[in-house]
Structure formats: C-alpha cells, structure tokens
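Trainee: The structure follows.
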Amino acid sequence: MDRTDGRRRVVIEGLKPLVDGGRFPIKRIIGDTVVVEADVFADGHDQIEARLLLRAESAAEWAEVPMQALGNDRWRAEFQVRELGRCRYTIEGWIDRFGTWRADLVKRLEAGQDVSVDLLIGAALIEDAAGRAPGPESERLRAWARQLREPADPAARGALALALDETLGQLALAHPDRSLATRCDVEAAVVVDRLRARYSTWYEVFPRSCAEPGRHGTFRDCEARLPYISAMGFDVLYFPPIHPIGRAFRKGRNNTVSAQVDDVGSPWAIGAEEGGHTAIHPELGSLEEFRRLVGRARDVGLEVALDIAFQCAPDHPWVRDHPEWFRRRPDGAIQYAENPPKKYQDIYPLDFETPDWPALWKALRDVMGFWIEQGVRIFRVDNPHTKPFGFWEWALTDLKARYPDVLFLSEAFTRPRVMHRLAKLGFSQSYTYFTWRNTKAELTEYFTELTTTDAQEYFRPNLWPNTPDILPEFLQTGGRPAFAIRLVLAATLGANYGIYGPAYELGENLPYQPGSEEYLDSEKYEIKQRDLAAPDSLHDLIARLNAARHDNPALQRDDTLRFHEIDNPMLLCYTKSTADLGNVIVAVVSLDPDNAQGGWVELASGELGGAADQPLEVADVVSGGRHAWQGPRTYVEVGPPYPARIYVLRRQ
C-alpha cells in the first residue's frame with residue numbers, strides 16, 4: 001500500500017493498548033478479551049469506516065472485526081485470544097462513500113429536495129460494490145443499481161424505499177471501496193500466555209534439605225515432601241540450581257571464604273567435573289529421577305520450576321573449553337563476581353562482550369531449551385539485569401515461539417526502568433519492591449502504579465515477602481505476626497506470589513548480623529532440616545489463603561485492585577473483583593504486628609456489586625467467621641490471632 005498517496009484522507013491516531021509505540025507486545029492470558037481503541041477521522045463531513053485487523057504472527061492474511069464509533073472520533077473493537085503464542089493487530093480506516101451517500105439522501109428527502117440525480121449517484125456506487133462482491137451478492141447489487149437507475153417515478157415512495165432498503169444497504173457496506181484506505185502505521189503485538197502467567201502460587205525449597213538430619217537430600221526425598229507442599233495449596237514448586245556445585249574456591253557456612261571438608265557450597269556456584277548447566281548434582285539423583293519427580297509433582301497439582309543462573313564455578317567445563325567467554329584481569333586470572341563489599345570467589349561471570357558472543361548466546365539459549373525438553377515449563381531467572389537486554393529479547397522470543405507455554409520469572413531487584421525493560425522484552429512475571437514496602441502510603445502508591453498505569457499491559461508482579469537472599473527488617477523484628485501480615489498481603493494484593501520455605505512458615509528471622517538482610521546460617525551454604533510439624537507453623541494459614549485464592553477468581557488477577565478509605569493509618573483496605581462484580585473480595589489488613597487495630601471502612605455505592613444500603617453476608621476466609629455488612633460505612637477490627645479480615649461478599 002502506497003502511504004504517500006495524497007488521496008488517502010483518513011487519519012489514525014492514539015492506538016491502544018500499546019507499549020512504547022508498539023515496540024513491545026502487550027500481554028494477555030488465553031481466553032482474555034483485548035479491547036482496542038483508536039482515533040479515526042478525516043477532513044470534511046464524509047462518513048468513515050474502520051476495522052480492526054488481526055493475524056497470527058506466522059500468518060499472512062488478516063482477519064477483520066468491524067469497529068464501533070464511540071463519539072468524538074474515537075473507535076473501539078475487541079477480540080478474544082484463543083491460542084498461545086503471539087498475534088498482531090492494527091487498524092484500517094477509509095471514507096465510506098456509500099454510507100455518506102445514504103446519509104445525505106435522507107437529509108435531502110427530509111428537506112423535500114429532488115433526489116433523482118442522487119439516485120443515479122447511488123446506483124453507480126452500488127455497481128462499484130457489485131464489482132467487489134462474489135457471484136450471487138454481485139448479481140443482487142447489480143439488480144438494485146438497475147432499479148435505482150430506471151424508476152418509473154424517481155420521486156415515488158417505492159423508489160426511495162428501495163434506495164434506503166436496509167438489507168441491500170448492509171450488502172453494499174460489506175464490500176466497500178478500500179483502494180484509498182489508510183492503514184495504521186503500527187502493527188501492535190500481543191503475547192498470549194497460559195493462566196499460570198497471571199495467577200500462580202510459588203513455594204521455594206532446597207532439594208538437598210528435604211532428607212532427615214545427617215543426610216544430603218535427593219529427588220526421591222523431594223517426592224516425599226510433595227504432599228506437605230500440595231496441602232498448603234501451592235501450584236509451583238521452585239528449586240534453586242540443581243547442577244553440580246564447584247569445588248574450587250567453594251564457600252563455607254555463612255559465606256566464609258574457607259570451606260570445611262563437609263561444606264556443601266552454594267548451588268549458584270554452578271559446574272564441576274561432573275558437568276555444567278545441563279548436568280545434575282550427583283547427590284540429588286539422576287536425570288531420570290528428576291523427570292520422575294516432575295511427573296509426580298504434576299500428579300498432585302504442582303509444576304516444577306527451575307532456577308536459571310548464567311554464571312560458572314571456576315571448575316565449570318566452560319572455563320576449560322571456552323576461556324574466551326570469561327573476562328580476565330591484568331594478571332591473567334579470570335575475574336570473579338563482586339558486589340562490593342561482597343566477593344564471590346566461587347563464581348565467574350560470563351563476558352557478554354566476548355568476540356565469540358554469538359556462540360555464547362546460543363549455548364545459553366540451548367541450556368534453557370534442554371530443561372524445557374525435560375518437562376520444565378517455568379524458570380526463575382537469576383539476576384537477568386546483569387546480562388544484555390538484546391540477549392534476553394532474542395532468547396526468550398525464540399524459545400516462546402517454539403514452546404509457547406513456557407514462562408520466565410525475572411529475579412531483578414534493581415532500578416525500575418531496568419525491571420520494566422526486562423518485562424517488556426519477554427519475561428512473563430517480575431519480582432517487585434513489595435519486599436520493602438511496609439507502610440500504608442508505600443503499599444498504596446506502589447500497587448496503584450502497578451495496576452492502573454500502562455505497566456499493567458506488560459508487567460506482571462510476583463510478590464515475595466522473603467527469599468534465601470533477603471530477610472527484611474520487618475520480619476526480623478515483628479515475630480510470627482509480621483510473617484502472617486506479609487503473607488496475607490502477598491497472597492491478596494498479588495495474583496502471583498511466593499515464599500521461601502520452610503523458612504517462612506516456620507518464622508525463621510535471625511539475621512547474619514544487625515542491619516543485614518542475610519540469614520544467619522543461610523541455607524545457601526549449608527543443608528538445613530526443620531521440624532515441619534512445629535506448633536507455631538503458619539502452615540494452616542497458608543492453606544486457608546491459598547484455598548481462597550483458588551476458589552475466588554477475583555484474587556486471580558491484579559487489574560481490579562482498588563484501595564479504599566479507612567480512618568486508621570495502621571489498617572490497609574482494598575478490594576478485588578471479577579468484571580461482573582459476581583465475586584468481590586474486601587481485605588482489611590493490619591500493618592501492626594504488636595497491637596489490635598480498628599477503623600471505619602468507606603466503600604462507595606456499587607463497589608460491592610449492588611446498592612450500598614443492601615444488606616450483605618460476608619465470610620472471612622482467614623478466621624472462618626461470618627458477619628453482616630450494612631451500608632457503605634462499616635467498622636472493622638483486626639487483631640490477634642489473625643492479622644486481617646479477608647471478606648468474600650455474598651448478597652442476602
């Protein structure tokens with residue numbers, strides 16, 4: 001299409017949804033409806049038509065959806081995404097000459113004017129449409145044109161009724177002259193993922209800690225742990241790296257430089273003589289046993305996710321076979337990883353500026369492809385912000401084209417623009433700053449940004465109150481109630497959330513030293529066995545929250561999150577709902593781990609799915625109790641033993 005043709009009069013602007021002018025795709029879940037809008041207009045007073053064009057990424061032909069005029073030159077159409085993968089959409093608009101003719105004809109008739117010439121003009125337009133229509137439709141249009149040209153009396157009521165015949169008019173409109181149509185400059189894209197991209201519940205566990213005391217855990221031991229994890233309602237079981245751990249410069253307990261003979265080292269120091277990123281630590285088991293574990297987990301509703309950490313121990317095979325992939329110091333030694341003042345002598349970063357970068361890129365992509373072939377379809381990617389953006393865009397696009405059900409979680413606790421860029425490039429979910437947002441103002445501002453701005457088109461937050469690397473101050477000082485508070489917030493503010501367990505449900509809160517966010521006796525450097533039956537475990541609370549997430553579609557999305565007034569700075573009130581308000585969740589969460597708190601909640605009329613004064617029965621999924629809710633202003637008290645009221649609304 002020649003876009004420089006000066007006869008093209010239609011203008012298309014303001015296409016939405018759009019990420020960075022169409023540079024990156026929006027994200028949706030299979031079954032979602034995508035609502036597309038744009039400004040479509042032209043000079044003068046002619047009527048215009050617009051259509052939404054759709055095609056799969058690999059298809060050449062476009063399907064079309066008529067757009068509806070909303071007024072003030074704004075147009076809208078929608079489509080449902082039914083297949084995983086990537087598809088494209090754009091808009092085309094043109095002058096509707098036939099529609100303009102009919103509208104003018106009506107005006108002339110209302111003014112009592114002679115329309116004999118107008119009927120001839122219409123006949124010509126209809127005959128043109130006949131030339132674009134298939135056989136039978138073409139004949140009907142041509143017959144119509146002949147009747148308009150040869151009426152016995154052009155002013156007769158019958159001829160005019162014929163000119164305005166709605167059925168024939170729709171037939172002519174179906175075959176418009178689009179030779180001078182304008183195509184939008186942007187072909188936008190949408191990546192369609194499975195539901196788990198938007199709604200998932202993660203549990204991180206070290207496989208080597210799943211055995212009884214005194215023994216290194218195996219995949220078989222992990223199988224024995226599956227019922228415990230499944231009973232809490234998790235659906236993603238996430239393992240740190242399962243590869244051979246380097247022996248050279250191995251770290252000891254608490255990240256000490258000198259390891260003892262029996263120290264197991266950090267799983268993130270990947271690679272030894274047994275192999276690298278496509279090998280399994282021999283004490284965990286074999287590849288066959290890993291595949292068996294993946295299958296057994298699936299049988300109880302769990303999907304195994306693996307950590308992808310693109311870095312190498314000094315005795316990784318790549319150090320020997322591809323020394324050009326590593327950066328060397330002036331003294332000839334390979335540069336180990338540092339994050340001053342921290343030093344990681346047991347890890348060598350890869351040099352993405354190596355002249356051999358194409359081979360490096362391919363090798364890393366193939367690592368992920370290898371584990372996909374073993375049945376893994378979810379990956380948590382370690383520190384992706386320390387690798388080039390270009391690599392991630394290339395690798396993730398390629399892998400998702402071949403495996404459209406694969407998902408990637410970006411573990412990038414870094415600057416906001418970097419985190420968002422990674423999400424745009426193809427990561428399905430992203431870690432967030434939730435871990436450090438504690439006050440009412442901080443939580444409200446941050447989650448409003450994530451759920452009401454353009455970020456919601458591409459950034460899917462995954463909320464983690466702790467990780468093996470991060471023990472926040474709030475958890476260190478607030479005791480078990482602090483763990484309960486952050487658990488409730490993560491599980492209800494976010495459709496995706498996860499915990500590092502069993503450290504979380506057992507309330508492990510001792511830091512390495514004052515002011516540190518690292519764990520004392522960190523599991524990163526040693527095997528830790530726990531008493532899973534400890535009486536103060538949060539196991540039951542976790543199970544209730546995850547059951548509520550499973551049973552309430554409102555908790556399985558983020559775009560309906562809204563915060564509401566409550567006259568107590570230590571209480572946070574918010575709602576989530578389905579689009580039809582058939583399922584509404586009202587959460588009132590205490591931010592105080594030490595004291596009971598109460599306050600008056602303000603909910604505007606209609607936010608509960610009905611009249612504000614209509615009585616409601618609300619069920620609290622945390623305590624299990626039922627309460628009456630009357631009117632838009634209600635007093636709620638929160639305190640021990642439960643840190644929140646999570647109400648499911650049922651109209652009486």
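The values are calculated or read from the model by the stated rules, or taken from the named source; none is laboratory data. Here the structure is a predicted model, which means the values were calculated and not measured. Virtual Cβ from ideal backbone geometry, glycine too; neighbours counted across all protein chains shown. Accessible surface areas use protein heavy atoms only, side chains included; no ligands, DNA or RNA. Shrake-Rupley method; radii C 1.70, N 1.55, O 1.52, S 1.80 Å.
Trainee: So how much slack lies between A628 and R320, counting 0.36 nm per residue of separation and subtracting their Cα-Cα distance, in nm?
Mentor: On the way: separation 308, 0.36 × 308 = 110.88 nm, distance 6.96 nm.
Gain on stretching A628 to R320: 103.9 nm.
Trainee: Under the rule of -39500 (n - 2.57) per DSSP H run of 4 or more residues, summed and divided by the residues of the chain, what mean residue ellipticity at 222 nm is obtained, to the nearest 500 deg cm²/dmol?
Mentor: Working: 14 runs with 180 residues, N = 652.
Estimated from H runs of four or more residues: -8500 deg cm²/dmol.
Trainee: Hey, if you drop one equal point scatterer on each alpha-carbon of the stretch 416-495 and run the Debye formula without solvent, what base-10 log of I(q)/I(0) do you get at q = 0.11, 0.13, 0.22 Å⁻¹?
Mentor: Cα-only, vacuum Debye calculation for the stretch 416-495: -0.30, -0.42, -1.08.
Trainee: Binned at 10 Å from 0, what are the whole-percent values of the Cα-Cα distance distribution for the stretch 356-475, short to long?
Mentor: 12, 41, 32, 13, 2
Trainee: Under the √(5λ) rule applied to the eigenvalues of the Cα gyration tensor, what semi-axes describe the equivalent ellipsoid of the stretch 569-608? Give them in Å, descending.
Mentor: Details: eigenvalues 121, 24, 7 Å².
Ellipsoid half-lengths, sorted descending, are 25, 11, 6 Å.
Trainee: Moving on. Taking a threshold of 32 Å on the Cα-Cα distance, which of the pairs K342/K424; K342/K362; K440/K528; K343/K576; K16/K107 fall above it?
Mentor: Where the Cα-Cα span goes over 32 Å, the pairs concerned are K440/K528; K343/K576; K16/K107.
Trainee: Given H placed on each backbone N at 1.01 Å, which residues far from I378 in sequence or on other chains put an amide H within less than 5 Å of it?
Mentor: Long-range HN contacts for I378: L306, L407.
Trainee: Can you compute the modelled spin-label distance between Y512 and T439, with each label point 7 Å from Cα toward Cβ, in nm?
Mentor: It is 2.9 nm.
Trainee: Report the dimensions of the chain along its three principal axes from the alpha-carbon atoms, largest first, rounded to Å.
Mentor: 107, 67, 42
Trainee: On to the next question. Over the stretch 361-519, with the other protein chains present, what is the accessible area per residue in square angstrom, probe 1.4 angstrom? Intermediate results must be reported in sequence, preceding the final value.
Mentor: On the way: 5150 Å² over 159 residues.
Ligands and nucleic acids excluded, the result is 32 Å² per residue.
Trainee: From zero up to wherever the largest Cα-Cα distance of the stretch 112-252 sits, split into 10 Å bins and tell me the percent of pairs in each.
Mentor: Per 10 Å bin, starting at 0, the Cα pair percentages come out as 9, 21, 13, 8, 6, 7, 11, 12, 9, 4, 0.
Trainee: Sequence gap at least 6, Cα distance under 8 Å: using those rules, report the relative contact order of the stretch 169-234 to the nearest whole percent. Each step should come with its number before you reach the end.
Mentor: Values: 26 pairs, mean separation 14.8, N = 66.
So the answer I get is 22 percent.
Trainee: If you stretched the chain out fully between K342 and S286, how much longer would it get, using 0.36 nm times the residue separation minus the C-alpha to C-alpha distance?
Mentor: Stretched fully, the K342-S286 segment lengthens by 16.8 nm.
Trainee: Another question, then. Grab the beta carbon distance between D299 and S258, set R0 = 35 Å, and tell me the FRET efficiency rounded to 0.05. Working shown, then result.
Mentor: Details: r = 44 Å, r/R0 = 1.25.
After rounding, the FRET efficiency stands at 0.20.
Trainee: Multiply the residue separation of T386 and D567 by 0.36 nm, subtract the distance between their alpha-carbon atoms, and state the gained length in nm to one decimal. Walk me through the numbers on the way to the answer.
Mentor: Details: separation 181, 0.36 × 181 = 65.16 nm, distance 4.34 nm.
Roughly 60.8 nm would be gained on extension.
Trainee: Further question: With Rg and the Kirkwood Rh both taken from Cα atoms, where does Rg over Rh land for the stretch 444-580?
Mentor: Values: Rg = 16.4 Å, Rh = 16.5 Å.
My calculation puts Rg/Rh at 1.00.
Trainee: In terms of the ratio Rg/(2.2 N^0.38 Å) built on C-alpha atoms, what value belongs to the stretch 250-310?
Mentor: Details: Rg = 14.4 Å, N = 61, 2.2 N^0.38 = 10.5 Å.
So the stretch 250-310 has a normalised radius of gyration of 1.37.
Trainee: For the stretch 63-196, what is the accessible area per residue in Å², given a 1.4 Å probe and the full set of protein chains? Before the final figure, lay out the partial values.
Mentor: Working: 6960 Å² over 134 residues.
Per residue, the stretch 63-196 has 52 Å² of solvent-accessible surface.
Trainee: Which Rg and Dmax, in Å, describe the Cα atoms of the stretch 490-529?
Mentor: Cα radius of gyration and Dmax of the stretch 490-529 are 12.4, 33 Å respectively.
Trainee: Ok, one more. Principal axis extents for the stretch 196-300, Cα atoms only, whole Å, descending order, please.
Mentor: Largest first, the stretch 196-300 extends 41, 30, 26 Å along its Cα principal axes.
Trainee: I would also like to ask the following. So what does log10 I(q)/I(0) come out to for the stretch 375-433 at q = 0.12, 0.18, 0.28 Å⁻¹, using the Debye formula with one equal point on every Cα and no solvent?
Mentor: Results for the stretch 375-433 at q = 0.12, 0.18, 0.28 Å⁻¹ read -0.24, -0.55, -1.23.
Trainee: Counting only residues 5 or more places away or on other chains, whose amide H sits under 5 Å from the amide H of S430 once H atoms are built in the peptide plane?
Mentor: Here the answer is S410, R460, N462, since their amide H atoms fall under 5 Å of that of S430.
Trainee: Could I ask something else about it? Given all pairs of different Cα atoms, what value in angstroms does the Kirkwood hydrodynamic radius of the stretch 393-463 take? Walk me through the numbers on the way to the answer.
Mentor: Working: mean 1/r = 0.0773 Å⁻¹.
One over the average 1/r among Cα pairs gives 12.9 Å for the stretch 393-463.
Trainee: With only alpha-carbon atoms in the gyration tensor, what are the semi-axes of the equivalent ellipsoid for the stretch 512-554, in Å, largest first?
Mentor: Numbers: eigenvalues 183, 48, 22 Å².
The answer is 30, 15, 10 Å, longest axis first.
Trainee: Something else about it: Of the heavy-atom accessible surface of the chain (probe 1.4 angstrom), what whole percent is carbon and sulfur? List each step's numbers first, then the result.
Mentor: Values: 14030 of 28220 Å².
Looking at the chain in its full context, I get 50 percent from C and S.
Trainee: Go through the stretch 630-635 residue by residue and turn each phi into a ³J(HN,Hα) via Karplus (6.51, -1.76, 1.60, θ = phi - 60°); whole Hz please, and just put x for glycine and proline.
Mentor: Once rounded to whole Hz, the list reads 10, x, x, 10, 9, 8.
Trainee: Tell me the label-point distance for the pair L195, T4, using the 7 Å Cα-to-Cβ offset, in nm and rounded to one decimal.
Mentor: 5.3
Trainee: I'd like the FRET efficiency for D521 and T414, computed as 1/(1 + (r/R0)^6) with the beta carbon distance as r and R0 of 25 Å, rounded to 0.05. Spell out each step's value before the answer.
Mentor: Working: r = 27 Å, r/R0 = 1.09.
The calculated FRET efficiency here is 0.35.
Trainee: Could you work out how far apart the two model spin labels at E637 and T578 are, taking each label as a point 7 Å from the Cα in the direction of the beta carbon, and quote it in nm?
Mentor: The modelled label-to-label distance comes out at 3.4 nm.
Trainee: Given a Förster distance of 35 Å, report the FRET efficiency between L84 and A619 from their Cβ-Cβ distance, rounded to the nearest 0.05.
Mentor: Values: r = 35 Å, r/R0 = 1.01.
Efficiency computed from Cβ-Cβ geometry: 0.50.
Trainee: Same structure again: Over the residues of the stretch 14-128, compute the C-alpha Rg and express it relative to 2.2 N^0.38 Å. Could you put the intermediate results ahead of the total?
Mentor: Values: Rg = 18.6 Å, N = 115, 2.2 N^0.38 = 13.4 Å.
That ratio works out to 1.39.
Trainee: Sticking with this structure for a sec: State to the nearest 20 debye the size of the charge dipole of the stretch 173-307 about its Cα centre, where the only charges are +1 on K and R beta carbons and -1 on D and E beta carbons.
Mentor: Details: 17 positive and 19 negative charges, 26 e Å.
Magnitude of the dipole: close to 120 debye.
Trainee: Which residues among the stretch 216-239 fall inside the zone where the amide N is under 16 Å from a point 7 Å beyond the Cα of A543, along Cα→Cβ?
Mentor: Inside the label zone: 225-235.
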